[in-house]
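Beneath this line is the structure, given in structure tokens, with notes to follow.
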Amino acid sequence: MPTSLAARCAVVAVLTALLAILAGCGGGDDKLTMYSGRIPELIDPAIAIYEKQSGQDIKVRTGDSPTLAATLVEEGSNSRADLFYAQDAGSLDAIEKAGNLEPLPADVLKLAPERFRSRDGRWVGVTARSRVIAYGAKVEASELPDSPLELAEPKWRGRVGWAPTNASLQGYVTALRLVEGEDIARKWLKDMVANDTQVFDGNVPIRDAIAKDELDLGLINHYYVAEAQAKDPDYPVKVHFPTKDLGSLVNVSGVGVLASSKHKQQAIEFVRTMLGKAAQEYFAESSKEYPLLAGVRPSKELTPLAEIPAPDVDLANLGDLKGTLALMRETGAL
Amino acid sequence: MSDKSSGNGFAPPCVGLRVRGLKKSFGAVRAVDGADLDVRSGGTCALLGPSGCGKTTTLRMIAGLERPDAGEIAVGGRVVSGEGRFVPAEERRIGMVFQDYALFPHMDVAANVGYGLGRRPDPGRVREALDLVGLGDAGKRLVHELSGGQQQRVALARALAPTPDLVLLDEPFSNLDASLRDRLRQEVSDILRKAGVTAIFVTHDQEEAMSIAEQVAVMRDGQVEQCGTPEEVYLRPATRWMATFLGDIEVLPGDAVRGRARCELGSLPIEAHLDGPVDVLVRPEGIAVGVSGPASAASAEVVSRRFFGHDQMLGLKLRSGQVVRSRRLGYPAWHPGDHVQVWIEGPVEVLPRTGGRVPEPAAAAG
Amino acid sequence: MATAAEPAGRPPGPVAPARRADGGRASWLMGAKRPPLVLFALGLAVAIAAALPALYLVVVVAGESAAAADAVLTSRSLELVARSLGLAAAVTAGAVAIAVPLAWLTVRSDLPGRRAWATLATLPLVMPSYIAAYMFVAVLRPKGLLQELLAPLGVQELPQIYGFVGAWLVLTLCTYPLVLLPLRAALRRLDPSLEEAARVMGRSPVEVFRTVVLPQLAPAIGGGSVLVALYVLSDFGAVAILRFDSFTREIYIAFGSAQRTEAAALGMVLVVVMLVLFAIYARVRGARALHRSTPGTARPAPPVRLGRWRWPALGLCGGVVAVTLVVPIGVLAYWASKDVASGLDAAAIMLAASNSLFAAAAAAIAAGAAALIVGVLCVRFPGYATRAIERVGYAGYALPGIVVALALVFFGTRVALPLYQTVAMLVFALSIHYLPLAVGPVGGALMQVPPRLEEAARGLGRTPWQVFRTITRPLVTSGVLAGAALVFLHALKELPATLLLAPIGFDTLATDIFRQTTTGFYEAAAIPALILLLIAAPPLYLLNEKGVSSS
């Protein structure tokens, strides 16, 4: 350890410099900052479209939607984020209720159908996805149930997989509660648990399990299978759109501008671009999701949105997460 | 459990310990190089020597903690090592007190003492052992609550509790304060005698060895240089090295002729039959100082004095110029410059000038 | 023979580390010796920093105790707590069962190549639990890699390995080094004369091990077990992949659905569990003197000859290493080779690697320094206050990474906004999350330094700081290095805090891997995973050489 005064001063100076560097490695406030709950591989090209069109760069923090939502709530008005691009409506709704979202201008909101945006006009959907029953090689098409409720029947015991922590499934349960009543929802959840339904922590593992023959059926979102099929035409998993009991419930991934944003105009531009033709076509072709912009057709293999039985449910209300989670915990699903 | 019927042809059971030709090397270092030892049953023997002489290794081989390269060890008449046999330490019925006591910190005193008595030690026996060392009430205490001296006594109780054939002590007093050491030496010696058990202890402290052991074995370079009673080894050192190692010695050149050795301090009768130039070895306490002395006394001048209270050490310059030391009573007081008479009182050892052992009379005759 | 009059004297005997009956001068709070004010203030600062996650929970729950209680006191919550505790107990038992024989074999026996085995056996520390979990699944799932290998033999399908059994296996194999490291250090420091004394008294070697060696190893085993249990309780990634319902999932879901109060309440349950675990551990450890009863260096014990037991022993070591290392690395390499074919962004990976290194190293240094402060306070100035400081430090480790992250989001945006989402804040988060890992080795090293040395230096006129600099510091360096190495290894693989607190663009290998695994494209995660293992190997070697102990 140096004893001379000069040496000690040098050490202190170096340490201070280091600290300054560390502290400085953060800032830079000119660019847009977005918290994204979507997989970068899927939305990076869309972001690139925005960056090219506007000449602006975006910094993206990737994570999973619920955690990012929790972070935004904690950050509150001190947040440095301008945008939140969520995997599902639930997270957006949570933040909206916490008062963190800025109202969007009407012309942006109108780009998406009414049922795919928030009632208060604070967030808007970008792409839609449908709940489906994915099935593997061992299941005959004729056996496929027309309603998710049938999956609780004894003949499917131990052969079905679901992801209770996934927001889309939680959204489905919320819709079920709203449309068919609390009791039916409770009974279904209880029966699914009793029927030895396999628990996964995400949609991708379910799809993989079906592909590996570990599972016969799974409740997931449609595009997971579509993108796997795009990579491998012989992919052993197929999808079925159940027509009853909100089986094909459509949910959205959407984006909102944060009230704490210091670049609101640019942020709104981003939203507008996401609902613009270029981005929407990209989503349709590459990630196989349903585009929301009128006039953009979904990928050929998909059942068009109009043909999917749409329940009479206000998507915005799918945000009653608290009740759903309580019910799922009570029945042992979570 | 002495195996009297083993038919190994060994000594009768009154032999507590018998060691023959023990050898042990650690790599290139020959720690023990042919050591022999006999200790009677119930006797106490001190293994004394400078560091590196092999005493601790010998002790550990007796305990069974090291495997000898060669030689035999018999405890209580039973061969435990040698003749192709090696009895492991846990089967030797030997008690051992380690230098740092090696008490188990996670057990209380009673559990420590009872450890060698099996899974369920008899509390009566434990109590007996503790009483023997004067710690009868300390059973429930924890080891770290005891003082050094108490710990040492617990270690002893632990070694004695299983009534072993032999007790080994490895420098048992070296970790104690000087004031405690003396008293504990005596106490431990008494305890061992009361227990009637054969005991070997290793020490580098000469006073300790001579005061509590009935037999002292001095080791040097892996061998036993001399073994005998304390008086024998002290007053009759067999070799020059022995003489210089144990206590102080003064060496006076002289001549031996027909049973008498003549040196500056007079002519002395000697036992051995030697001729020619010899060295007369005498302890400082054997050199008497006075105003006048016997006819054989020599004149000398006091050149130095150190007063120790109970004795004084004088440096005396003889006419030949040689300075010898005298250690006698503290009074009368002498001072540097005094002219005195000096003579020898007490046993001397005479060795040929060329070195070597003192020949036995039987061998020298004829 | 006087017994009552035996003078207590000052022989070089043991000194009970706890409070001495100093008469009226002893302060009940501080203990018999009062620490210097600067040191105590620093220790308090460290404690407050480490307590931030727990403080965050308290702040969130404050005022909403009804809702909080509702969340916690449901039967489902309690069931999940029980499940998680059960898993933690089972994993701890498993980890100890593996660590004890491995430690003994590599320290006390004449096993050929024991130093190499020792290093290899601790390598699982570098593997993040979620990677280990997905490797485990990839290999052992009913139609996974192993089944593919065995298909020619007619094996159609392997049995399911998800749930409790899978979680138990994976977590045991990931965490046993946390027990192995302190155990090896403790074994090395054992005084062999105790075992010799026991043998001479007629006990067989096995009995000696059971009655003399194991009890002395209890503090090391206990300390390692606490770390294992807390790790299991706060783990999220592995149990999710292995489909085991755990308590941390509750917390995660609650936070994710903006139910802060419920989430915080559940988090506090974890803190309470941690405190209880600690109390048990402290009770088990007891007031036993923790340093040797007499000074002097311990003669190293001669190695035990294994003879024909060598083969089963080698089989055990080889089996553990094969399962924890050879198989995962093999699979990763296989995947990496497939991924390389599809193109590789080397620059991005190298950048991520350097970021990982930097953040982990900085956290290790910070944690090492903090651990030293806490260690000195606890070992040299034992008392309620300093013990509390040590305990509080464990709060950050017992809570899942997401709680630590959110706590710093909360405090960071309110109190230190300029530092928010900077590398400095990330480093801060990592160091408080893993601080207890460093406190153990540092405390252990400090206890090996007799206070007498420092007292002698003080007597010779040196100030406490000089004493520390010249006497204590050189002697505890190895402990500090070991603690820092442990923190480094864990910080390398950390995920949730990095995702939330690092500046955007500060990718680490862990976030890279995360990104790949969310899409299910595991092959693409193989290369960052391999690089992670590579970076982590050198500090591991350091750990094994210097030895690690628990406090």
Q | Kirkwood-based Rg to Rh ratio, the range C:142-208, C-alpha trace | A | 1.34
Q) Who wins for biggest fluctuation among B:GLY330, B:GLY222, B:GLY254 in a Gaussian network model of chain B, springs between alpha carbons below 10 Å? A) B:GLY330
(Q) To make sure I understand the rule: partners must be lysines, Cα under 24 Å from the Cα of B:LYS23, and not fewer than 8 residues away in the same chain. Which ones qualify? (A) B:LYS55
(Q) Keeping every protein chain present and rolling a 1.4 Å probe, give me the accessible area per residue for the protein assembly as shown in Å². (A) 40 Å²
Q. In a GNM of chain B with a 10 Å cut-off on Cα contacts, which of B:ALA111, B:ALA256, B:ALA28 has the highest mean-square fluctuation?
A. B:ALA28
Q: Calculate the all-directions average of the projected area of chain A's alpha-carbon convex hull, and give it in nm².
A: 21.6 nm²
Q: Find out how many positive minus negative residues lie around A:GLY256, taking Lys and Arg as positive, Asp and Glu as negative, among other residues whose Cβ is under 11 Å from that of A:GLY256.
A: -3
Q | Percentage relative contact order, chain C, counting C-alpha pairs under 8 Å, at least six apart | A | 24 percent
Q.
Here is the link list: A:LYS59/A:LYS300; A:LYS155/A:LYS238; A:LYS110/A:LYS300; A:LYS59/A:LYS277; A:LYS59/A:LYS264; A:LYS110/A:LYS288. Which ones come out longer than 27 Å on Cα distance?
A. A:LYS59/A:LYS300
Q) Roughly speaking, what % of Cα-Cα pairs in the protein assembly as shown are separated by over 49 Å, rounded to a whole number? A) 47 percent
Q: Determine the distance separating the Cα centre of the range A:283-306 from the Cα centre of the range A:155-208; give it in Å without decimals.
A: 26 Å
Q. Which of the lysines could be linked to C:LYS338 by a straight reach, that is with a Cα gap under 24 Å, when you skip same-chain ones fewer than 8 residues away?
A. A:LYS212, A:LYS231, C:LYS143, C:LYS493
(Q) If you roll a 1.4 angstrom probe over the protein chains with everything in place, what fraction of the accessible area of chain A belongs to carbon and sulfur, to the nearest %? (A) 54 percent
Q | Choice from A:VAL225, A:VAL60, A:VAL204 showing the highest fluctuation, given a GNM over chain A with Cα pairs closer than 10 Å | A | A:VAL204
Q.
For the interface of chains C and A, what total accessible area is buried with a 1.4 Å probe, rounded to the nearest 100 Å²?
A. 4700 Å²
Q: For A:LYS59, enumerate residues with amide H under 5 Å from its amide H, sequence gap 5+ or separate chain, H modeled in the peptide plane.
A: A:LEU32, A:THR33, A:MET34
Q | Mean projected area in nm² (Cα convex hull; one quarter of hull surface) for the range B:249-352 | A | 6.0 nm²
Q) How many angstrom lie between the C-alpha centres of the range C:392-457 and the range C:304-360? A) 29 Å
(Q) Based on alpha-carbon atoms only, what is the radius of gyration of chain C relative to the globular estimate 2.2 N^0.38 Å? (A) 1.01
Q. If you average 1/r over all unlike Cα pairs in the range A:247-299 and invert the result, what Kirkwood radius do you get in angstrom?
A. 12.4 Å
Q | J(HN,Hα) series, the range A:83-96, from Karplus relation 6.51 cos²θ - 1.76 cosθ + 1.60, nearest Hz, glycine and proline x | A | 10, 10, 10, 9, 6, 8, 6, x, 5, 4, 5, 4, 6, 4
Q: Sum up the charges of everything whose Cβ sits under 14 Å from the Cβ of A:PHE84, counting Lys and Arg as +1 and Asp and Glu as -1, but leave A:PHE84 out.
A: -1
Q.
I'd like the carbon and sulfur percentage of the solvent accessible area for the range B:249-352, probe radius 1.4 Å, heavy atoms only, ligands and nucleic acids excluded.
A. 54 percent
(Q) Using all alpha carbons of chain B, what is the percent of pairwise distances in each 20 Å bin, ordered from the shortest bin to the longest? (A) 26, 47, 24, 3
Q. Taking amide hydrogens as modeled 1.01 Å from N in the peptide plane, which residues meet the under 5 Å criterion relative to B:ILE287, leaving out close sequence neighbours?
A. B:ARG327, B:GLU345
Q: Starting from the Cα of A:LYS97, draw a straight line to each of the aspartates and glutamates and keep only those under 12 Å, dropping any in the same chain fewer than 8 residues away.
A: A:ASP120, A:ASP320
Q | Cβ-Cβ FRET estimate between C:VAL155 and A:LYS138, R0 fixed at 25 Å, reported to 0.05 | A | 0.85
Q) When the Karplus curve 6.51 cos²θ - 1.76 cosθ + 1.60 is applied with θ = phi - 60°, which whole-Hz ³J(HN,Hα) does each residue of the range B:192-207 get, with x for Gly and Pro? A) 5, 5, 4, 6, x, 9, 5, 9, 10, 10, 9, 8, 10, 8, 5, 4
Q. To the nearest Å, what is the center-to-center distance of the range A:29-87 and the range B:96-117, using C-alpha atoms only?
A. 68 Å
Q.
Around C:ARG414, under 13 Å between beta carbons, what's the net of Lys plus Arg minus Asp minus Glu among the other residues?
A. -2
Q.
Sequence gap at least 6, Cα distance under 8 Å: using those rules, report the relative contact order of chain B to the nearest whole percent.
A. 15 percent
Q: Just the number, please: carbon plus sulfur as a percent of the accessible area of chain C, 1.4 Å probe, no ligands or DNA/RNA counted.
A: 68 percent
Q | Long-range amide H partners of B:ALA261 with built H, under 5 Å | A | B:LEU268, B:ILE270
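The values are calculated or read from the model by the stated rules, or taken from the named source; none is laboratory data. Note that the structure is a prediction, hence the values are computed from the model and not measured. As a convention, Cβ positions derive from the backbone with ideal geometry for all residues, glycine included, and neighbour counts pool all protein chains shown. SASA here: full protein model, heavy atoms, side chains in, ligands and nucleic acids out. Shrake-Rupley method; radii C 1.70, N 1.55, O 1.52, S 1.80 Å.
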